[in-house]
């Protein structure tokens, strides 16, 4: 009798153990399925020429990301993107003009067909040799395009021969007849940049020298191969490039964590330069709509200070108790001052900090952000390391 009870108990125990294992396996399967489903967002379509003929081997990429693919023999492509949001899709093929399309992904899948036109080669795009004038123009372009930060000075443009320059009175312009390839050894990226336009001008107005640089294009990032020591250095440098950047700011707008992330935002008054960091604006009052994927706010003149210590003090004064684990790492002190002047009337921002029309179209940017150029950018998929402050 005792043996039967023991045997029955063992069977019951094994059945319970089997049931528990099944539940765990089912839970893990559902978790994996949910993770996959949540990241299963696609933009797909076909690329053709003006005569509707498919174009094979065209390069398709999501601007500002590491997402890139090529078309198949039928001109078809498919891009897997992180989720709902704003995207700029770019296509490049030798012999055709580059093309970009701004889209807003509001469902899991979108079809986007693209048509390319043949490229007309202009005479001034053809250079024979490199003279001193071209070299001096190139140095000017590099400084204004990449910036003057340590990251910028370390960058190398691999194919400068695709560039041509023109000076018309006080306006200096640059054009590229192919994708620019830039290596950024400080951040660990190879960048491919499809330049749309580049303009630089400087002129004296009254007694002041006014300098203005503007350019636009589409970017795709590739990870460089490196040693473990190099990769650790890249992690640190990327975090420094991200902190206080415009992408960091826009993500903080979306998450409603401006003060917690180190940003003090005040509205400009008077002549457009006056501000008071002790009176931060309640950004919620600028919002006009919000959902899980997008937030829309009214564009107005803003001054943005990035100063972690000062912003956390303000947050605590306003009664926002911030636990130590919520405070971002500030082992290197960064302090930035920037101005956002109205461009578009309404700005739509997604969770990754991307705006529907791009920063250049959305705002007139001045101050420190205007000096952070291509060499200080990270892909929009970038996530900063988790704070180690306890």
Would you confirm whether any residue within segment 194-212 is crowded, with 17+ Cβ neighbours inside 10 Å, within 18 Å of the chain's Cα centre (by Cα) and under 28 Å from residue 355 (Cβ atoms)?
-> yes
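Return yes or no: is residue 329 modelled with pLDDT of 90 or more, farther than 15 Å from residue 255 by Cβ, within 25 Å of the chain's Cα centre (by Cα) and surrounded by 14 or more Cβ atoms within 10 Å (Cβ to Cβ)?
Working: modelled with pLDDT of 90 or more: no; farther than 15 Å from residue 255 by Cβ: yes; within 25 Å of the chain's Cα centre (by Cα): yes; surrounded by 14 or more Cβ atoms within 10 Å (Cβ to Cβ): yes.
No: the conditions fail for residue 329.
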The condition from (1) in contact (Cβ under 8 Å) with a residue 40 or more places away in the chain; (2) buried (at least 16 other Cβ atoms within 10 Å of the Cβ); (3) within 25 Å of the chain's Cα centre (by Cα) that residue 298 misses is numbered (2)
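Residues checked against (1) modelled with pLDDT of 90 or more; (2) out of contact with any strand residue (DSSP E or B) (no Cβ under 7 Å at 6 or more places or on another chain); (3) assigned by TED's automatic domain parsing to the domain that holds residue 366:
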{"residue": "256", "(1), (2), (3)": "yes, yes, yes"}
{"residue": "268", "(1), (2), (3)": "no, no, yes"}
{"residue": "294", "(1), (2), (3)": "yes, no, yes"}
{"residue": "308", "(1), (2), (3)": "no, yes, yes"}
{"residue": "311", "(1), (2), (3)": "no, no, yes"}
Leading residue by the ranking (modelled with the lowest pLDDT) among those in segment 146-163 that are under 20 Å from residue 237 (Cα atoms) and assigned to a helix (DSSP H, G or I) = 150
Tell me which residues, restricted to segment 179-193, are assigned to a loop (DSSP other than H, G, I, E, B) and surrounded by fewer than 17 Cβ atoms within 10 Å (Cβ to Cβ).
-> none
When segment 182-224 is checked residue by residue, the ones that are modelled with pLDDT under 95 and out of contact with any strand residue (DSSP E or B) (no Cβ under 9 Å at 6 or more places or on another chain) are 205, 206, 207, 208
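Report yes if residue 272 is at positive phi, part of a loop (DSSP other than H, G, I, E, B) and modelled with pLDDT of 75 or more, otherwise no.
no
Kindly state which strands (runs of 3 or more DSSP E) lie completely within segment 44-120 and contain at least 1 residues that are surrounded by 19 or more Cβ atoms within 10 Å (Cβ to Cβ), touching a helix residue (DSSP H, G or I) at 6+ places or on another chain (Cβ under 6 Å) and without any contact (Cβ under 8 Å) to a residue 40 or more places away in the chain.
Answer list for segment 44-120: none.
The values are calculated or read from the model by the stated rules, or taken from the named source; none is laboratory data. As the structure is a prediction and not an experimental result, all values here were calculated from the model. Cβ coordinates were reconstructed from backbone atoms using ideal geometry, including for glycine residues, and neighbour counts include every protein chain displayed.
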